[in-house]
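Read the structure below first, then the notes.
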Amino acid sequence: MFQDLQSRLSKSFSHGRSLLAVGIAFTTFFAVDVGVADDVSPEANAFFESRIRPVLVKQCYECHSADAKAIEAKFRVDSRNGLRQGGESGPAIVAGKPDESRLILALRYTGSEVSEMPPSGKLSPEVIANFEKWVAMGAPDPRTDDGKVVETMIDFTEARQFWSFRRPRRHAMPMVQHTGWPRRPLDAFVLRKMESAEATPAAAAERRTLQRRVTFDLIGLPPTPGDVKEFVNDESPDAYERLVDRLLASPRYGERWGRHWLDVVRYAEDNTNMGPHNGPYPNAWRYRDWVVSALNDDVPYDEFLVRQLATDLLPETGPDDLPALGLFGLGPQNHKEVQLSRLVIQNRYADDWEDRVDVVGRGLLGLTLACARCHDHKYDPIRTADYYALAGVFASSRQTTGPIVAQSLVDASEPARERVKQLEAEIAKLEKEIAARKKKNPKQDATAEETIKLQEQREEIAELKKTPYFELPVAHILTEETILVEDTDGTRVKLAVYPNRPRDLPIFVRGNAGKHGAVVPRRFVEVLCEDGPARFERGSGRLELAHAIASPENPLTARVIVNRIWQFHFGRGLVPSPSNFGALGERPTHPELLDDLAVRFVENGWSLKWLHREIVTSATYRQSSTAAEDSQRVDPDGRLLTRFPRRRLEVEPLRDTILSVAGRMDGRIGGPSSNVDDAQFTRRTIYGKVSRHELATTLANFDFPDPTIHSAGRSVTTTPLQQLFVLNAPFVRNAAAALAADLLDEHSTVAARVDALHERLFTRPATDEDHRVALDFLAAEPNSAERWTRYVQALLASNEFQYVD
Amino acid sequence: MNSMAPSRRELLRTAGCGMGLLGLSSLLESSARADSTAERGPHFAPRAKRVISLFMGGGPSQVDTFDPKPMLAEHSGDLPDDIAESFRAERLVAQGGLMPSPFAFRQYGESGIPVSELLPRTAAFVDEMAIVRSLHTDFPNHAPALCMMNLGTLTPTRPSLGSWTTYGLGTENENLPGFVVLCPGKPVLGPKLWSNAFLPGRFQGTHLNHSKPQPEQLIPHLRNTSLDQEAMSEQLDLIRRINVRHRDERTEADDLDTRIRSMELAYRMQSEALDAFDVSREPDSVRTEYGSSRFARACLMARRLSERGVRFVQLYYGSGQPWDTHGDNDKRHRQLCGDIDQPVAALLGDLKRRGLLDETLVTWGGEFGRTPTTQGKNGRDHNQFGFTWWLAGGGIRGGTIHGTTDDFGFRAIRDKVHVHDLHATILHLLGIDHERLVYRYSGRDFRLTDVRGRVINEIVA
């Protein structure tokens, strides 16, 4: 029955119907011999031709013939040998024995280990009876062709011609007509595209609009009135560049962009269901803090990746860097019920590995590698061997917790922990004795001697706990250990841990851990290795994997991150499918721009801050969000970048801004997480707990992505529940009240208050119309705190507050 | 009564929509498309418009409820090879021999379908039901089986049946969530079971803990605790005025219009939702009919939501997995069935009287069934090889038994129905072709039934 299960799993990765014309070559080879048919009687021949062959052609050929797009289960029914020999699962027919023939079992839909076929529905009883009869007759088959070898081969040289598998290169800046427009190299590429479509760029954004935009974009908060004054009054030609520098230097930058990264790596602090072997992760926040700090320090992106995959294997980093391993240390784990059989548990581990390969694949490389768990990828040049070569790395690593201080400190504090354990045991024993005695005779309480002893022991514990590093700080990490599922006494399996015993996995045929194909050495993805993939030799191979990803030779890594950063700035990537650079992904709208930027990004030391600067100081980024008239027609959806796309604040900047404008934001950086739904929680939203089991309502209502799985980007939905939050949540009301109190305190007239409020919320002075609207609402009670609170809340609920031009 | 039903629903649907919208409607006409509720279906004439799913988390025992097995008594204590071997392949827990059900089965209705003595009132509706006795699923643990039953996959990464349904059909009442999940507390796995996964956020189920006494506690921030109706209305006018001007200064304003409209919806939702969730507004006679238990309250609330156009109401019997009777199977089934019998019968009867049963699909069942063998002293273990669900109402051929388990009620052997088939059938009844309801994500089209699923035409009227 688990084969049945696994074939379902394997099916779950088959892809859409339409095979697009793809730029890679699959060549199907099969040797054709001419065989000689057994003697088939005329009656048998007639039976086959009238009752069997038509059904095979109609019901089976689509997936099980030489003409099938991909021959399912390597099983062909369009030849005699193919039908007899069967496919991956073994012989399909035992001549004369319908009940033992897999073909018949499949048709019967018995739900046994054999997949039910055809998948579109059970055939009629008459047809099935015909097949049974035919097999009972000895399965006479007059066909003479022979479809023996069925193997999909990939011509990797040709496959590497696909755009995303070719190494990116520098491109000369294209010639443009409007030569005064470009500010940065990327602008020339953008303008060239516009000009060839006869579109023109939008006007430059007004200064305050731009400041508001770039401030939200880089630090996730609005500019303060002080910031605005500083920038607006700065008449030097590089005022904007210096504003950008100030923002990138702010520790708020890491909080803003760290959160973007956490989406990519499906950061969470627990699991969907929890048990002894799968979370929660109480120290998850250390990884979150590591990410924030690494971004603030502008750790080069290649190093950023290597440390997250394998900092424990680097000589230059110490135990304090171990939280970096949270990338996989916090990976979602499926519950392992040790009372189930070995095979069942092995399949659950295999489910875990799929997540790891998916994060490497879609997250870091923009490739849907996990599709190759059960079959060769249907559209990209990725084989199951590639999948298991990577899964082997994770099968040779263990998710666990470990101290993040030097071993000497662990050792030095260890005696104290040992002693406390001993003392606690003694106390427990004595207390139990006293309790037992007392139960018999209530008068026999602890003796004076015992009381003193307990007292002394407790004092000693208190003293010992003051030992430095008594409580060891720990992080969720990976270690060089392998977990094997082993049988024990027949009542439960054992999850046995073996240090330094890396293992190569066999291919799990159709995803079934119980059905092994060839063993695949741990190595990188073949199509990404021009000289052929080298076997990983060092331990699990994590460090080698990290280097293979974070390499300028890798055609995808730099492109993928440059595209993601672009997407976070503009709302859409140059490749609109940011996690799929394969055949079914979208092609880049500006391929030369993407390549040029990717190459220069690597040349500039993989610096993300360099990349941000390059993008946000461009003329493209500095456009108004209102397109020029001709461009509105030519480029209605903004693919040509003829305007800056207006964007709604995500939940983090929205909530943070409500706190910040009300002067209520607790700006402390880092540390354990709290409940973001709590109206009294006033830290930035990134410090709210992220749960796979139950996502906080505030996050769930505002499009926070499911943290169980890699997120390629957030959707933007508009629901009444979101509006109930801004209209009714005490969190918003409290902020409005605090802000109203401030205004009443600081300014004496309605006009002055309205001015100050608009500056603070919208980064602009109030217009005459704003004053009129305010007066209409406030005139009756111009000094009422309640009235002002309602007015302020209305502004907090308004579109202008939530949308950034 | 029948002819009254639609107009009553119409009334409910439009109630509370009369406020200050006239001026706005023309402004918003152009943007209606941007926020239009999904229209990916129906693909053909629906037989049911809505679903009420009664979910018995933990897995009820089929041989004690809807799948009588007299042979168990004859072979009490035996352990047939098939069962022993199936267990050996997957689990290490010792299984005892066959344990007969102590409950008598009696035939009901014109169809004469036998039902256990534990469910006499529900059994009165067998002529409305199709009883599927041959379900099977893929995993013997709760979490993966719950995922399979709700998401169509063993791992928690796909959208739920309710999310797919609302994605496919949209909502009939924009003032209420389209997919509501009622559970006192949380079932095992909780929100994953009503997750939208990669579908847009508005398709996630809204979970309500119906054991909370006040309707306003059910939806977060449903009631404004600071302002009265008049003050809220005044504030909303202010927001509208600010937003309309902001919008008029901008081009390409679909997103802005959508949120303006959403603000109006939120405002109306406050009164409509409070009304929908308030079962105390039902006449005494109706409340008496359902009974006074927590589950009764949920069934009544489900009817109120459903008749107001909530597309998918899923009702978990209890927090955790109450039907997971590893010990004291008989005693606990007596208590559990005793608790659901009256409310379920009342729900079916009430829907029927109101003419709603024809267009409402009601389903009953858990993530798997239970073994015919003993676990421990007097319990039954999980059984994914064969178990029972029933479906009633919209489009169902009443009085039908579909599929058969073996002599002991262990394994489905004839007309087997996989969970994918059940999903395909539910979507079919709603007018959705399960193969056409797809969503493109991560480079390919996903669907609830994966590449499986066969509509069980035999139970469709």
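Taking B:LYS331, is it out of contact with any helix residue (DSSP H, G or I) (no Cβ under 8 Å at 6 or more places or on another chain), assigned to a helix (DSSP H, G or I) and among the basic types (Lys, Arg)?
Spelling it out, B:LYS331 is indeed out of contact with any helix residue (DSSP H, G or I) (no Cβ under 8 Å at 6 or more places or on another chain), assigned to a helix (DSSP H, G or I) and among the basic types (Lys, Arg).
Residues in the range B:210-237 that are part of a loop (DSSP other than H, G, I, E, B) and either within 11 Å of chain A (Cβ to nearest Cβ) or buried (at least 21 other Cβ atoms within 10 Å of the Cβ) (or both): how many?
So the count comes out to 11.
Which residue pairs have Cβ atoms closer than 6 Å, lie 6 or more positions apart in sequence or on different chains, and pair a first residue in the range A:448-472 that is at positive phi with a second residue that is surrounded by 13 or more Cβ atoms within 10 Å (Cβ to Cβ) and assigned to a helix (DSSP H, G or I)?
A:TYR469/A:LEU409; A:TYR469/A:SER413
Conditions tested, residue by residue: (1) surrounded by 21 or more Cβ atoms within 10 Å (Cβ to Cβ); (2) over 22 Å from B:SER160 (Cα atoms); (3) in contact with a Pro (Cβ under 6 Å, 6 or more places away or on another chain); (4) at pLDDT 95 or above.
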| residue | (1), (2), (3), (4) |
| --- | --- |
| B:ALA273 | yes, yes, no, no |
| B:PHE277 | yes, yes, yes, no |
| B:THR288 | no, yes, no, yes |
| B:GLY291 | no, yes, yes, yes |
| B:CYS299 | yes, no, yes, yes |
| B:ALA302 | yes, no, no, yes |
| B:ARG311 | yes, no, no, yes |
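Among the residues of the range A:474-487, is any surrounded by fewer than 16 Cβ atoms within 10 Å (Cβ to Cβ), of a type in the set (Asp, Glu) and not assigned by TED's automatic domain parsing to the domain that holds A:VAL525?
First pass over the range A:474-487, keeping only residues surrounded by fewer than 16 Cβ atoms within 10 Å (Cβ to Cβ): A:486-487.
Going one step further and asking which of them are of a type in the set (Asp, Glu), we end up with A:486-487.
Those left that are additionally not assigned by TED's automatic domain parsing to the domain that holds A:VAL525: none.
No.
Restricting the range B:188-209 to residues that are within 7 Å of chain A (Cβ to nearest Cβ), part of a helix (DSSP H, G or I) and within 15 Å of the chain's Cα centre (by Cα), which is surrounded by the most Cβ atoms within 10 Å (Cβ to Cβ)?
So, considering only residues that are within 7 Å of chain A (Cβ to nearest Cβ), part of a helix (DSSP H, G or I) and within 15 Å of the chain's Cα centre (by Cα), the one surrounded by the most Cβ atoms within 10 Å (Cβ to Cβ) is B:LYS192.
Among the residues of the range A:195-211, is any buried (at least 22 other Cβ atoms within 10 Å of the Cβ) and of a type in the set (Lys, Arg)?
No, every residue in the range A:195-211 fails to be buried (at least 22 other Cβ atoms within 10 Å of the Cβ) and of a type in the set (Lys, Arg).
Show the residue pairs meeting these rules: Cβ distance below 9 Å; 6+ apart or different chains; first residue within the range A:537-553 and more than 15 Å from A:GLU481 (Cα to Cα); second residue of a type in the set (Asp, Glu) and outside any helix (DSSP H, G or I).
A:GLU544/A:GLU537; A:GLU553/A:GLU530
Can you tell me how many residues within the range B:421-455 are in contact with a Ser or Thr (Cβ under 6 Å, 6 or more places away or on another chain), modelled with pLDDT of 95 or more and surrounded by fewer than 24 Cβ atoms within 10 Å (Cβ to Cβ)?
Qualifying residue count for the region: 1.
Would it be correct to say that A:GLY87 is surrounded by 22 or more Cβ atoms within 10 Å (Cβ to Cβ) and assigned by TED's automatic domain parsing to the domain that holds A:ALA136?
So A:GLY87 does not fit the description; no.
For the range A:60-84, which positions are surrounded by fewer than 19 Cβ atoms within 10 Å (Cβ to Cβ), not charged (D, E, K, R) and not in a loop (DSSP other than H, G, I, E, B)?
Listed by number, the list holds a single entry, A:ASN81.
Filter the range A:634-650 for residues that are outside any loop (DSSP other than H, G, I, E, B) and either crowded, with 19+ Cβ neighbours inside 10 Å or at the interface with another protein chain (Cβ under 8 Å from one of its Cβ atoms) (or both) and give the result. Break it down stepwise before answering.
Narrowing the range A:634-650 to residues outside any loop (DSSP other than H, G, I, E, B): A:634, A:647-648.
Of everything in the range A:634-650, those that are outside any loop (DSSP other than H, G, I, E, B) and either crowded, with 19+ Cβ neighbours inside 10 Å or at the interface with another protein chain (Cβ under 8 Å from one of its Cβ atoms) (or both) turn out to be A:ARG647, A:ARG648.
List the residue pairs whose Cβ atoms are under 7 Å apart, where the first residue sits in the range A:40-63 and is on the phi < 0 side of the Ramachandran plot, the second is at pLDDT 80 or above and β-branched (Val, Ile, Thr), and the two are 6 or more positions apart or on different chains.
Every condition considered, the pairs that remain are A:VAL55/A:VAL127; A:LEU56/A:VAL77; A:CYS60/A:VAL77.
Kindly indicate whether A:ALA496 is under 30 Å from A:SER341 (Cα atoms) and of a type outside the set (Ser, Thr, Tyr).
Taking the combined requirement at face value, the residue satisfies it.
Within the range A:150-202, restricting attention to residues that are touching a residue at least 40 places away in the same chain (Cβ under 8 Å) and polar (S, T, N, Q), which residue is farthest from A:ALA385 (Cα to Cα)?
Going through the qualifying residues, I end up with A:THR200.
Determine the pairs where a residue that is more than 18 Å from A:ASN347 (Cβ to Cβ) and more than 14 Å from chain A (Cβ to nearest Cβ), located within the range B:69-95, has a partner that is of a type in the set (D, E, K, R) and assigned to a loop (DSSP other than H, G, I, E, B) with Cβ atoms under 7 Å apart, the partner being 6 or more residues away or on another chain.
Every condition considered, the pairs that remain are B:LYS69/B:ASP407; B:MET71/B:ASP407.
Residues checked against (1) surrounded by fewer than 24 Cβ atoms within 10 Å (Cβ to Cβ); (2) touching a Phe, Trp or Tyr at 6+ places or on another chain (Cβ under 9 Å):
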{"site": "A:PRO282", "(1), (2)": "yes, no"}
{"site": "A:ASP297", "(1), (2)": "yes, no"}
{"site": "A:GLU303", "(1), (2)": "yes, yes"}
{"site": "A:ARG307", "(1), (2)": "no, yes"}
{"site": "A:THR311", "(1), (2)": "no, no"}
{"site": "A:GLY318", "(1), (2)": "yes, no"}
{"site": "A:ASP321", "(1), (2)": "yes, yes"}
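When you check B:GLY152 against the structure, is it small (Gly, Ala, Ser) and either at positive phi or over 22 Å from the mean Cα position of the chain (by Cα) (or both), yes or no? Write out each step before concluding.
Values: small (Gly, Ala, Ser): yes; either at positive phi or over 22 Å from the mean Cα position of the chain (by Cα) (or both): yes.
Taking the combined requirement at face value, the residue satisfies it.
I'm told A:GLU206 meets every condition in (1) more than 30 Å from A:LEU105 (Cβ to Cβ); (2) more than 14 Å from every other protein chain (Cβ to nearest Cβ); (3) of a type outside the set (A, V, I, L, M, F, W, C) except one. Can you identify the failing condition by its number?
Checking A:GLU206 against (1) more than 30 Å from A:LEU105 (Cβ to Cβ); (2) more than 14 Å from every other protein chain (Cβ to nearest Cβ); (3) of a type outside the set (A, V, I, L, M, F, W, C), the one that fails is (2).
Is it fair to say A:GLN339 is surrounded by fewer than 21 Cβ atoms within 10 Å (Cβ to Cβ), more than 10 Å from chain B (Cβ to nearest Cβ), over 18 Å from the mean Cα position of the chain (by Cα) and within 30 Å of A:GLY514 (Cα to Cα)?
When the stated conditions are applied, A:GLN339 does not pass them.
May I ask you to verify whether A:GLU586 is surrounded by fewer than 20 Cβ atoms within 10 Å (Cβ to Cβ), acidic (Asp, Glu) and modelled with pLDDT of 95 or more?
No.
Out of the range A:701-720, which residues are part of a helix (DSSP H, G or I) and facing another protein chain (nearest Cβ under 7 Å)?
Answer for the range A:701-720, where residues must be part of a helix (DSSP H, G or I) and facing another protein chain (nearest Cβ under 7 Å): just A:PRO720.
Just to confirm my filter: which helices (runs of 4 or more DSSP H) fall fully inside the range B:120-178 and include at least 1 residues that are at the interface with chain A (Cβ under 9 Å from one of its Cβ atoms)?
Once the helices (runs of 4 or more DSSP H) in the range B:120-178 are filtered for at least 1 residues that are at the interface with chain A (Cβ under 9 Å from one of its Cβ atoms), what remains is B:142-151.
Are any residues in the range A:175-190 among the aliphatic types (A, V, I, L, M) and either more than 19 Å from A:TYR240 (Cβ to Cβ) or in contact with a strand residue (DSSP E or B) (Cβ under 9 Å, 6 or more places away or on another chain) (or both), and if so, which ones? Explain how you work it out, then say what you get.
First, pick out the residues of the range A:175-190 that are among the aliphatic types (A, V, I, L, M): A:175-176, A:186, A:188, A:190.
Hits for the range A:175-190 are A:MET175, A:VAL176, A:ALA188.
Does any residue of the range A:316-324 turn out to be β-branched (Val, Ile, Thr), more than 10 Å from chain B (Cβ to nearest Cβ), part of a loop (DSSP other than H, G, I, E, B) and within 30 Å of A:VAL299 (Cβ to Cβ)?
So far as the range A:316-324 goes, yes, one or more of its residues are β-branched (Val, Ile, Thr), more than 10 Å from chain B (Cβ to nearest Cβ), part of a loop (DSSP other than H, G, I, E, B) and within 30 Å of A:VAL299 (Cβ to Cβ).
Please specify each residue of the range A:126-151 satisfying the condition of being under 16 Å from A:ALA92 (Cα atoms), acidic (Asp, Glu) and at pLDDT below 85.
Answer for the range A:126-151, where residues must be under 16 Å from A:ALA92 (Cα atoms), acidic (Asp, Glu) and at pLDDT below 85: just A:ASP146.
I'd like the residue in the range B:239-267 that is of a type in the set (A, V, I, L, M, F, W, C) and assigned to a helix (DSSP H, G or I) and, out of all such residues, is farthest from A:LEU761 (Cα to Cα).
B:LEU265
The values are calculated or read from the model by the stated rules, or taken from the named source; none is laboratory data. It should be emphasised that the depicted structure is a prediction, and the values quoted were computed from it without experimental measurement. FYI the Cβ positions are ideal-geometry reconstructions off the backbone, even for glycines, and counts take in every protein chain you see.
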